[in-house]
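One structure below.
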Amino acid sequence: MKSTTLITLAALGSFAFYGNAYAENGHAYNGSFCDNYYGSQVGNFNHQHNGIKNNTNSGRYVSCPVIVDEIAKTTGTTRVWLYYSGSGKISCSMFSKNGNGTTRQSKMGSRTNSGWFSIPAITSDNYWGSYSMYCYLPPKGILKTIWVGEKS
């Protein structure tokens with residue numbers, strides 16, 4: 001019985017070590033968290049259960065929150081993925097900010113037509129800073145999902 005318990009504890013310990021070595025702290029949220037970038041365009045968007053939709057026949061910019069919770073880790077993100085539905089080219093830019101609001105680093109990703117696309121990892125962050133993101137949303141396009149992975 002004693003040897004079985006030791007083997008079980010050893011296996012669980014090695015599993016926990018393996019699991020922690022590859023842990024990733026990801027946050028997925030709906031595109032409806034985004035909002036119009038320009039105040040005068042507030043009526044151009046529809047916040048739906050499946051994301052934010054550009055209701056116009058022209059491209060528009062939206063500002064999206066970037067949800068992170070590992071403020072002590074200043075080495076940035078692991079990856080950022082977004083899901084877009086529509087035709088035309090969507091592009092998104094993500095920024096890490098210094099505590100005074102100046103840009104520390106920026107990365108951009110884009111996609112033409114529906115599907116997933118990524119923004120390369122941010123590799124430099126600031127303890128007192130934050131992240132921001134904005135996207136160019138084509139006519140009638142819907143930004144559905146944002147997934148942000150951060151180092152933990």
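The values are calculated or read from the model by the stated rules, or taken from the named source; none is laboratory data. Not measured: the values here are computed from a predicted model. Cβ coordinates were reconstructed from backbone atoms using ideal geometry, including for glycine residues, and neighbour counts include every protein chain displayed. In case anyone asks, the SASA skips ligands and DNA or RNA and just uses the protein heavy atoms, side chains included. Shrake-Rupley method; radii C 1.70, N 1.55, O 1.52, S 1.80 Å.
For this structure, a couple of remarks:
- Qualifying residue in region 61-79 (condition: exposed (fewer than 13 other Cβ atoms within 10 Å of the Cβ), of a type in the set (Gly, Ala, Ser), part of a loop (DSSP other than H, G, I, E, B) and more than 17 Å from the chain's Cα centre (by Cα)): yes
- Annotation note: Cβ proximity below 8 Å between a residue of region 78-89 that is free of Cβ contacts under 8 Å to residues at least 24 places away in the same chain and a residue that is part of a loop (DSSP other than H, G, I, E, B) and open to solvent by 30 Å² or more (accessible area, probe 1.4 Å) (sequence gap 6+ or interchain) occurs for no pair.
- Verdict on Trp147 being open to solvent by 50 Å² or more (accessible area, probe 1.4 Å), in contact with a Gly (Cβ under 7 Å, 6 or more places away or on another chain), touching a residue at least 40 places away in the same chain (Cβ under 8 Å) and under 15 Å from His27 (Cα atoms): yes
- Matching entry among Gly141, Gly129 (being open to solvent by less than 50 Å² (accessible area, probe 1.4 Å), touching a residue at least 24 places away in the same chain (Cβ under 8 Å), under 20 Å from Gly31 (Cβ atoms) and touching a strand residue (DSSP E or B) at 6+ places or on another chain (Cβ under 7 Å)): Gly141
- Some residue of region 45-57 being of a type outside the set (Ser, Thr, Tyr), in contact (Cβ under 8 Å) with a residue 24 or more places away in the chain, part of a strand (DSSP E or B) and within 20 Å of Glu24 (Cβ to Cβ): no
- Qualifying residue in region 16-29 (condition: under 25 Å from the mean Cα position of the chain (by Cα), within 15 Å of Cys92 (Cα to Cα) and modelled with pLDDT of 90 or more): no
- Test: residue in region 98-121 that is crowded, with 16+ Cβ neighbours inside 10 Å, assigned to a loop (DSSP other than H, G, I, E, B) and among the small types (Gly, Ala, Ser): yes
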